[in-house]
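The values are calculated or read from the model by the stated rules, or taken from the named source; none is laboratory data. Just so we're clear, the structure is a prediction, and the values are computed from it rather than from any experiment. Backbone-built Cβ (ideal geometry, glycine too); neighbour counts: all protein chains shown. What goes into the accessible areas is simple: the full protein's heavy atoms, side chains included, and nothing from ligands, DNA or RNA. Shrake-Rupley method; radii C 1.70, N 1.55, O 1.52, S 1.80 Å.
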Amino acid sequence: MTLPGISNEYMTRRRKLALAGMVLAALLLRLGFCAATTGLGRYSSPDYREQITLATRIVTQGTFGNALTPDDPQPRPTAVFPPLYPLVAAGVFALLGIESYAAILALQILNAAATSSLVLPAFSIVRRISGSSRAAWAAAGITAVHPVLIGLTPRIWDTCLFALGVGGAVWLALAWAERSGRWGISLAYGAYLGALAHLNPALTPAYPVLVLWMLTRDRTAGGTPRVGRRDSYPRPGRGGQMRGARVLSGALLCMLGWVVTLIPWAWRTHEQLGAWCYVRDGFWQEVWLGVCPQADDGLAAALRAQFPLRSEEAAARFRELGEVAYFDDCERLAKTAICADPARYVRLSLRRLGDFWLGTVASHQGGGKEYWPEGWARRLATVFLSAETLASLVAAALVWRRARDLRWLTICLMVFSVVYALTHVEIRYRMPVEALIAVMVALGIAGGARPQEAADARARALDGRDCERLHGVAPPP
């Protein structure tokens, strides 16, 4: 049986069984954590209920109604949240009952299955980049027992599914690189990225990096030629101009697939709210929370003063203005605050960037001024995440000159973190890329992203006549 995301070329039957066992162990570990903390099938927290509110309104009122005003008896249409996860939760509620034991349990199992399945792309990504089994198993093992991936399993939110989607985006970029010249592959990859944005659009700034990585990898990143593939060796007359045209056409096809997936939800948002937006319309509220006067005291203070679910004043202004006008007002306030004191905004953004990579974000949740978090659990999280970041930096230093794939991956991670540095940070915001950070650490264990010498040797050992018959040219020296 073939496991999703793992090529038969890389796996023996024993390895498949071992990897399946690791996924199962990771799943049981996550469900065990749920049972020991919140309890399986239970969600009693008063926080992070927006997705539950949205799903409930879809089932009971037939509308994607605003979750920032849960007490509104007649909620107006919203685009505050992307649609995919609320629709998934609504489907579960419709089948098993709204917030019933069975429904919450099903969503917790879905979360656990998503982050457990990340073991597969983590393993495969490292194998494709380095060819090292030891490093691949290290990446899979770190992903299986990662405390952040485990700790957010009980929460009814899109984060766990989004983490799997992010891992899948990188895996597909590598797996489809050798066939990226085919128009269907580029179109499908763009459509995948569009669907992922409907789950969570946070990775969107890194989409150009992923697309260029996929389209250029087999010719510029040292990808290993595959025996018997038509595109394994360059054909006569293919120069830089031909390669540039191929990359350009592939990028345009990816963009087309991405745009096509955006049209239905964008059209719905325009028809019901009278405004165009990219998947969700709350971006400037996020920026305002990161630059408002209370931002110096941490996110918790900003939420208490400026977030409709925490602030009566903000909620009243939201209801009075309506969603579109409220977010336009947030944009005005944010731009005014940034222009009034650019140095303060830069300082806050750099602090948030440090929080993202060192896990010290917990120090700002309660409005504290110290960077060392309070409580042993938060301190352990800080130590772990800081050590993980340090290990990934060491890995990058070890293999940077020899591993173009790692450079692409590093750029993706940095772009992803900058988005949150400009707005605000929570530990859960780092969770979608934890498996990719584990990949970087594992590449350091590999000691360098070496080409797969065995595959190269087989390619070079091809009989000249066979190579000419397959590709029209002699094998490379």
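Which is at positive phi, of a type in the set (F, W, Y) and open to solvent by 10 Å² or more (accessible area, probe 1.4 Å), of Y43, Y48?
Y48
Six or more apart or on different chains, Cβ under 7 Å: which pairs go from a residue in the stretch 41-67 that's more than 24 Å from E426 (Cβ to Cβ) and of a type in the set (S, T, N, Q) to one that's open to solvent by 40 Å² or more (accessible area, probe 1.4 Å) and part of a strand (DSSP E or B)? Could you list them?
Short answer, once both residue conditions are applied: T63/P77.
Name the pairs whose Cβ atoms lie under 9 Å apart, with the first residue in the stretch 143-160 and among the small types (G, A, S), the second at pLDDT 95 or above and not in a helix (DSSP H, G or I), and 6 or more positions between them or separate chains?
From residues that are among the small types (G, A, S), the pairs are A144/L118.
Just the residues that are touching a helix residue (DSSP H, G or I) at 6+ places or on another chain (Cβ under 6 Å) and either charged (D, E, K, R) or not in a helix (DSSP H, G or I) (or both), please, taken from the stretch 139-159.
Across the stretch 139-159, the qualifying residues are H146, L152, T153, P154, I156, W157, D158.
Quick one: what pairs do we get from the stretch 402-420, first residue of a type in the set (A, V, I, L, M, F, W, C), second open to solvent by less than 40 Å² (accessible area, probe 1.4 Å) and not in a helix (DSSP H, G or I), C-beta under 7 Å, 6+ apart or different chains?
A403/G448; A403/A449; L406/A449
Which of the residues spanning the stretch 172-192 are more than 25 Å from N111 (Cβ to Cβ), assigned to a helix (DSSP H, G or I) and open to solvent by 20 Å² or more (accessible area, probe 1.4 Å)?
Of everything in the stretch 172-192, those that are more than 25 Å from N111 (Cβ to Cβ), assigned to a helix (DSSP H, G or I) and open to solvent by 20 Å² or more (accessible area, probe 1.4 Å) turn out to be E178, R179, W183, G184, I185, L187, A188.
Just for helices (runs of 4 or more DSSP H) wholly inside the stretch 251-328: which have at least 3 residues that are touching a Pro at 6+ places or on another chain (Cβ under 8 Å)?
Passing ranges, in order: 312-321.
Suppose we filter the stretch 188-213 for residues that are among the small types (G, A, S) and within 17 Å of Y85 (Cα to Cα); how many remain?
Looking only at that region, the number is 4.
Which number in (1) open to solvent by 60 Å² or more (accessible area, probe 1.4 Å); (2) part of a helix (DSSP H, G or I) marks the one condition that L31 misses?
Only one criterion is unmet by L31, namely (1).
Only one residue in A206, A169, A195 is open to solvent by 30 Å² or more (accessible area, probe 1.4 Å), under 30 Å from R246 (Cβ atoms), modelled with pLDDT of 95 or more and not aromatic (F, W, Y). Which one?
After applying the criteria, what remains is A195.
Output the residue which, of all residues in the stretch 229-265 that are modelled with pLDDT of 80 or more and more than 19 Å from L196 (Cβ to Cβ), is surrounded by the most Cβ atoms within 10 Å (Cβ to Cβ).
Checking each candidate, the answer is V247.
Working only within the stretch 2-60, note down all residues that are of a type in the set (D, E) and modelled with pLDDT of 85 or more.
Answer for the stretch 2-60, where residues must be of a type in the set (D, E) and modelled with pLDDT of 85 or more: just E50.
Could you please let me know if A343 is in a helix (DSSP H, G or I), open to solvent by 30 Å² or more (accessible area, probe 1.4 Å), modelled with pLDDT under 95 and small (G, A, S)?
When the stated conditions are applied, A343 does not pass them.
Within the stretch 402-477, considering only helices (runs of 4 or more DSSP H) that don't extend past its boundaries, which have at least 1 residues that are more than 18 Å from L210 (Cβ to Cβ) and at pLDDT 50 or above?
404-421, 434-446
Is there a residue in the stretch 335-358 that is under 23 Å from D71 (Cβ atoms), touching a helix residue (DSSP H, G or I) at 6+ places or on another chain (Cβ under 6 Å) and not hydroxyl-bearing (S, T, Y)?
Looking through the stretch 335-358, none of the residues is under 23 Å from D71 (Cβ atoms), touching a helix residue (DSSP H, G or I) at 6+ places or on another chain (Cβ under 6 Å) and not hydroxyl-bearing (S, T, Y).
In the stretch 267-290, is there at least one residue being over 30 Å from Y189 (Cα atoms), crowded, with 18+ Cβ neighbours inside 10 Å and over 25 Å from the mean Cα position of the chain (by Cα)?
Checked against the condition, which is being over 30 Å from Y189 (Cα atoms), crowded, with 18+ Cβ neighbours inside 10 Å and over 25 Å from the mean Cα position of the chain (by Cα), the stretch 267-290 yields no hits at all.
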